Structures are given as structure tokens and as C-alpha cells.
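Reading through the C-alpha cells given below for one structure.
Since every read-out is calculated from the coordinates, none of them should be taken as a lab result. Just so you know, these numbers come straight off a predicted model, no measurement behind them. Cβ coordinates were reconstructed from backbone atoms using ideal geometry, including for glycine residues, and neighbour counts include every protein chain displayed.
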Amino acid sequence: MRLIYPPQCLLCRDMVETDFALCGTCWRDTPFIGGLVCDACGAPLPGENTGEPVLCDSCLSHPRPWAQGRAALSYRNNARRLVLGLKHNDRHDIAAPAAIWLARVLRPIMRPGTLVTPVPLHWSRRLKRRYNQSALLAASLATELGLPYCPDLLVRTGRTPSLNGNREERRAILERKIRLHHGREAWLDRYPSVLVIDDVLTTGATLSACAEALHAAGAERVCIGVLARVHRDD
């Protein structure tokens, strides 16, 4: 099988040693996040990591409704290509390696027995796209971390337009659009700590709506993880 289908780089399709990997050049040019990061959104920060939690200016100005968050990549260049491939181009093969990268940054803030769940996709959008890219990522991540997984803990009650605009506009669009799925209350009784997974964090409006819905339903602690973090004055 390897003679017929040799392992190829996820991005450039050059030959690599293992399946679902990046070649040396693509790895070098992929903006992985490391070092000191914001404890809430995972954005990289200047300075050395002393082990003490710090927040970026955005999270200081607009406190997040979740406890901690991490991102594996900065949303630019190769990271943007990976996210768009996973989201729009049926590149399901990206989910497994992406989960490994995300698990690396999430392990230090995870508690045993944390429940993993994806940001929900409205049924009409899922029908058109045929899959929820955040669910693919969350399922692979739960396996990688050895944590329980619920694919439909949250549900979108209405379809929203593409979320452009600033934080306030996005938050207004999402108001009361995400809630706990009826019949999933027992999950929170058993797992009061929840990790919500999405592909990209821009302003954080969608993840805020998820965290608020979970807290309203009785979750004690909510954390977030994203494959990529957009860096801008949001």
C-alpha cells in the first residue's frame, strides 16, 4: 500500500516518512504557537513563560466567560491553508494531526474527566457542508487526550449569517442562538468541566455563546481550544 500510496505532506504533497505529516519545509513555515501565551485565548505574547497566567490586552479589556483557552497555530500562511482545507475542502485527513498539535498545548490546563464537545453547526449548514469540521477536530482530540466526548452537547437554535464584523455585532447575532441540547443534561451532571473545540478563534463571540450556554446549564468550568487564533485588535 505504501508503494502505491506513499505518505505525502499535508500541504505540498511531497513525500514524507509517516502518514498525515508535514514535510520539513512546510513544518518550518507553519506558525505554531509556543512560549508565553494569553491564558484565556492562547494568543502569543512577548516575554518569557514563568508559569504564571497572563492575559493579552483584548482579554483584559473584554473578560472571557471561560476559564482558560489555548490555540495551536496563528491563523496565517500555512495555518490558514490547513484550516480552510479542513473547513471547506473535505480535508478530513487534517483533523488527526491537528488534534495532536492542539493536544500538546491543552494538556497542561486539562483536568481529568473533562468532557470534550465541538462548537455546534446549524443543521442546514451541516447539510450543505456534509460535516462539522469542529466535530472532526474535537473527536480526534478527545481520543488523543483520552477524554470523554459528546458530539452534540450544544445545539444552534437558528442559522446565523457568516460572522463578520466586530465583537459586539457578532455577539448580538449569536444571542440565544446556542443552548444545551435537550436530553444532554446528564452529561453535565457527570462531567461538570467542559472543553469546547472550534477551528478558529476570531473575536471569540461564538465560543463565548457556547461557554455562557454551558454555564447556564450548570457547567462548573469551561475551557476552550482552537486550531488557530486570529491576531488583531478585536
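In the chain, the C-alpha radius of gyration followed by the widest Cα-Cα span (Dmax) gives 17.5, 55 angstrom.
Taking 8 Å as the Cα distance limit and 6 or more residues as the minimum spacing, I'd like the relative contact order of the chain as a percentage. Here the relative contact order equals 21 percent. Computed from the Cβ-Cβ distance with R0 of 45 Å, the FRET efficiency linking Arg28 to Asp189 stands at 0.45. In order along the stretch 43-55, the Karplus-derived 3J(HN,Hα) couplings, from 6.51 cos²θ - 1.76 cosθ + 1.60 at θ = phi - 60°, round to 5, x, 10, x, x, 9, 7, 9, x, 8, x, 10, 10 Hz, and Gly and Pro are given as x.
Going by neighbour counts of Cβ atoms within 10 Å, the residues Asp189, Asp57, Asp39 line up, fewest first, as Asp189, Asp57, Asp39.
Computed 3J(HN,Hα) for the stretch 191-201, one whole-Hz value per residue from the Karplus formula 6.51 cos²θ - 1.76 cosθ + 1.60 where θ = phi - 60°, is 10, x, 9, 10, 10, 9, 10, 9, 7, 9, 10, glycine and proline marked x.
Taking 0.36 nm per residue of separation and subtracting the Cα-Cα distance, full extension of the segment from Asp19 to Leu84 would add 21.4 nm.
A simple rule links phi to the HN-Hα coupling: the Karplus curve 6.51 cos²θ - 1.76 cosθ + 1.60 with θ = phi - 60°, which for the stretch 126-142 gives 5, 4, 6, 7, 6, 6, 9, 4, 5, 5, 4, 5, 5, 5, 5, 5, 4 Hz, with x for Gly and Pro. Excluding the site residues themselves, the longest part of the chain lacking any trypsin sites (Lys or Arg not before Pro) in a DSSP loop with at most 14 other Cβ atoms within 10 Å is 14-75. Amide H to amide H, with H built 1.01 Å from N, Leu73 comes under 5 Å of Ile33, Ala228, Arg229, counting only residues 5 or more places away or on other chains.
Site-free segments of the chain were taken between GluC sites (Glu not before Pro) in DSSP loops having at most 13 other Cβ atoms within 10 Å, sites themselves excluded; the longest one is 49-174. In the chain, helices alone account for a calculated mean residue ellipticity at 222 nm of -10000 deg cm²/dmol, with every DSSP H run of four or more residues adding -39,500 (n - 2.57).
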